[in-house]
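Notes to accompany the following structure.
The values are calculated or read from the model by the stated rules, or taken from the named source; none is laboratory data. The shown structure was predicted, so the numbers you read here are calculated from the model rather than taken from an experiment. Don't worry about glycine lacking a Cβ; one is built from the backbone with ideal geometry, like all the others, and counts go over all protein chains shown. All accessible areas refer to the heavy atoms of the entire protein, side chains included, with ligands and DNA or RNA removed. Shrake-Rupley method; radii C 1.70, N 1.55, O 1.52, S 1.80 Å.
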Amino acid sequence: MRKQEKNAQYLVDVDAGAEPDGTADRVAVLPPHLPMARGLGIGQRVAKRDRGRRRRPETRERASSQWHPFGWSCDESRGAGSVAACGCWRGDTTDTYHCAGFTGASLFCPTMAAATLRSVLRRNSLLPLFETRRLGHLLFFSSSVDPAAAVGGTISPDPHFMVKYLVNSCGFSPSEATKFSKPLAHLRSTEKPDAVLNFMRSQGFDGAGIRKVISLRPIYLCCNVEKTLAPKFQFLRDLGLSESDIVDAILKNHGILGLDVHRSFVPQLEMWGSLLGSKELVLKHLTRTGRFFGSSIEKTLHRNLKFLTDECGIPEERVSRVLRSHPQLITQKPESLRALVARADELGMPRLSRTFVRKLNVLRMVSKESFEAKVELMRSFGWSESEFSCAVRKAPSFLGLSIDKLRKKMEFFVNVVGYTPSFIASRSQLLQYSMQKRGIPRFRIMEMLKLKGLWRGQVKFTYIIKLSDAKFMVRFVLPHKENVPGLLDILRVADAL
C-alpha cells in the first residue's frame with residue numbers, strides 16, 4: 001500500500017505560472033524510481049547524453065532539446081513554425097506546441113504525452129490506481145483549449161457509453177445496443193454519430209429505417225457526413241430518384257453508402273444498364289431488390305457471367321432475360337453459383353434447356369436444408385429419388401412452398417381427388433396452383449355438377465385446374481348458374497380468401 005501511495009503522489013499538477021486568463025498549466029509526472037520513468041525520461045527534461053546507451057546519429061546533437069514523448073522533434077532551437085515527427089508544429093512563441101487541435105503553453109506535446117503515459121501505466125499495471133477519468137483531466141492541458149470543445153459533441157470516459165447512446169438516440173433495446181456498440185468501442189465522442197443521425201433524419205429516414213441501417217453496419221455512425229454521405233445522396237438525386245426512392249434504395253442496398261461514387265457506383269450502373277437493357281429497370285431494382293448493388297464487378301459479376309456463358313454454354317440473351325427479373329442470380333458468390341449448377345446437374349437438368357437458367361434461379365431461392373427436408377417429405381408419400389428429380393425438372397417452383405403447404409397439397413390430391421403419388425410426380429405442375437383459391441373450389445364445383453348430372457367427367461381435372469379464371473367461369477359456371485345457384489357462392493368465398 002505504501003508503494004502505491006508513493007507512486008500516486010507523483011501524479012501531480014505543477015503550477016507553471018498563471019496565464020492572463022487565470023489558468024495554469026498541468027503536467028503529469030511519473031515517479032523517477034520506476035524503471036520505465038528512468039528509461040523514458042517521462043516528466044523530465046533531457047539535459048545530458050544518455051550514458052551507456054546507443055543513440056541514433058541524427059539525435060546526438062539534440063541533447064539539449066526539450067523532451068518529446070515520441071522523439072526529439074520538438075526542438076527549441078528550431079523556432080516558430082517547426083513541425084514535429086508526430087505532426088505537432090511549433091507555435092508563434094518559443095514554448096507553444098500544437099497537436100491534434102490542442103494548444104498549450106506546456107513544454108511538450110500534450111496529446112503524445114497522454115498517449116505515452118497511458119501506455120506506460122498500462123504496461124506496469126498502474127491503471128487501477130488512477131481512474132481513466134482522472135487521467136483525462138490531468139493530461140489535457142487547460143491553458144488554451146478545453147478538451148470537450150476541441151473534440152465536439154458529448155465526450156465520455158466510459159467505454160460503454162455508446163450502449164446508452166444507441167438506446168437513447170436510436171431506440172435500440174439494451175441487448176441490441178450492446179451488440180451493435182462493439183464496432184464503435186473506440187469512440188469517445190458523439191460528434192460524428194450525432195451528425196450522421198441528424199443527416200439521415202433530414203433525408204427522410206424514420207426511426208425504424210435508421211435502426212435497420214445501423215444494425216446492418218454500425219460503423220456507418222463514424223462516417224464523415226460532408227465527405228462520405230452527402231455526395232452519395234446527391235448522386236442518387238441526380239439519377240432522378242425522389243427522397244422516398246433514395247430511402248428505399250439504401251434500405252434495400254445499404255452497401256451503397258460504402259461505395260466510391262466514381263470508382264464503384266458509376267461502373268456498376270453502367271454494367272447493369274447493359275445487362276438489363278434500360279436505366280429505368282436498373283433504378284427499379286436499386287429501390288426494390290435487396291443485395292442488388294455492392295458486389296464486386298471483377299470478382300463476382302464478371303466471373304459469374306463468364307461461368308454461365310463460357311463454361312455452361314448458356315446464351316447471353318437467356319441469362320439476360322432472367323436477370324431482368326432476378327439479378328441476384330449473378331450477385332451471389334462464384335462458389336455458390338457453381339454449387340447451384342452442380343445441384344441442377346444432379347437433378348438431371350440439361351444445361352442447354354431453354355428453361356435451365358430460370359430453374360437455376362428457383363433452386364437459388366431454396367436452401368440446401370430446405371431442399372433436403374422436401375426430399376424427405378415427398379419420400380414419405382412414396383416418391384422415389386428419380387420421381388423427385390422428375391418432378392423438379394418439370395416444375396421446380398413447388399420447391400419454394402413451405403413444408404406445411406406442400407404436405408396439405410399432397411394430401412388433397414391423394415386423399416380427396418384420388419391421384420396416386422406417382423401420378424402427381426409426373427404432373428408436378430399441379431403443386432404450383434393455390435389450393436384455397438383454385439384447387440378446392442373448382443373441385444367442389446365439378447363435384448356439384450357431377451351430382452346434378454351436368455358433368456360426366458369427360459374433361460380431366462388436371463385440365464380444369466389449369467384453366468384461367470375467365471375460361472373456367474365461361475365454360476363451367478355461367479351455363480349452370482340457374483340450375484345450381486350455389487356455384488357463384490363457392491367462387492365468391494374463394495376470392496375472399
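Cβ-Cβ distance below 6 Å, separation of 6 or more or different chains: which pairs start in the range 350-362 with a residue that is free of Cβ contacts under 8 Å to residues at least 40 places away in the same chain and end on one that is surrounded by 20 or more Cβ atoms within 10 Å (Cβ to Cβ) and small (Gly, Ala, Ser)?
Once the first residue is free of Cβ contacts under 8 Å to residues at least 40 places away in the same chain and sits in the range 350-362, its partners that are surrounded by 20 or more Cβ atoms within 10 Å (Cβ to Cβ) and small (Gly, Ala, Ser) give Leu360/Ala344.
Return the pairs, sorted by first residue and then second, in which the second residue is not in a helix (DSSP H, G or I), the first residue lies in the range 168-197 and is among the charged types (D, E, K, R), the beta carbons are less than 6 Å apart, and the residues are 6+ apart or on different chains.
Qualifying pairs under 6 Å: Arg188/Ile155; Glu191/Gly152; Glu191/Gly153; Asp194/Gly153.
Tally time: how many residues in the range 452-497 are more than 52 Å from the chain's Cα centre (by Cα), open to solvent by less than 40 Å² (accessible area, probe 1.4 Å) and farther than 21 Å from Gln429 by Cα?
Within the range 452-497, residues that are more than 52 Å from the chain's Cα centre (by Cα), open to solvent by less than 40 Å² (accessible area, probe 1.4 Å) and farther than 21 Å from Gln429 by Cα number 7.
Can you tell me which residue within the range 337-366, out of those that are within 26 Å of the chain's Cα centre (by Cα) and part of a helix (DSSP H, G or I), is surrounded by the most Cβ atoms within 10 Å (Cβ to Cβ)?
Among those that are within 26 Å of the chain's Cα centre (by Cα) and part of a helix (DSSP H, G or I), it is Leu337.
If Asp238 passes every condition in (1) over 20 Å from the mean Cα position of the chain (by Cα); (2) open to solvent by 40 Å² or more (accessible area, probe 1.4 Å); (3) within 27 Å of Lys333 (Cβ to Cβ) but one, which one does it miss?
Evaluating Asp238 over (1) over 20 Å from the mean Cα position of the chain (by Cα); (2) open to solvent by 40 Å² or more (accessible area, probe 1.4 Å); (3) within 27 Å of Lys333 (Cβ to Cβ) leaves (3) as the failure.
So which residues in the range 241-258 are closer than 15 Å to Arg217 by Cβ and open to solvent by 20 Å² or more (accessible area, probe 1.4 Å), if there are any at all?
Leu251, Lys252, His254, Gly255, Gly258
Tell me whether the range 155-166 contains one or more residues that are open to solvent by less than 40 Å² (accessible area, probe 1.4 Å), without any contact (Cβ under 8 Å) to a residue 60 or more places away in the chain and not in a helix (DSSP H, G or I).
So far as the range 155-166 goes, yes, one or more of its residues are open to solvent by less than 40 Å² (accessible area, probe 1.4 Å), without any contact (Cβ under 8 Å) to a residue 60 or more places away in the chain and not in a helix (DSSP H, G or I).
Of the numbered conditions (1) under 25 Å from Leu323 (Cβ atoms); (2) open to solvent by less than 60 Å² (accessible area, probe 1.4 Å); (3) in a helix (DSSP H, G or I), Pro231 fails exactly one; give the number of that condition.
Looking at each condition in turn, Pro231 falls short on (1).
I'd like to check which helices (runs of 4 or more DSSP H) are fully inside the range 271-336 and have at least 1 residues that are closer than 25 Å to Leu236 by Cβ and open to solvent by 100 Å² or more (accessible area, probe 1.4 Å).
Here the list reads 279-288.
Applying the selection to the range 188-228, what residues are assigned to a loop (DSSP other than H, G, I, E, B) and either open to solvent by less than 40 Å² (accessible area, probe 1.4 Å) or not acidic (Asp, Glu) (or both)?
Arg188, Thr190, Gln203, Gly204, Phe205, Arg217, Cys223, Asn224, listed by residue number.
Using the structure shown, decide if Met365 is more than 23 Å from Thr289 (Cα to Cα) and aliphatic (A, V, I, L, M).
Spelling it out, it is not the case that Met365 is more than 23 Å from Thr289 (Cα to Cα) and aliphatic (A, V, I, L, M).
When you scan the range 382-497 for helices (runs of 4 or more DSSP H) that lie fully inside it, which ones turn up with 1 or more residues that are within 29 Å of Arg358 (Cα to Cα)?
Here the list reads 385-394, 403-411, 421-426, 440-451, 461-464, 469-472.
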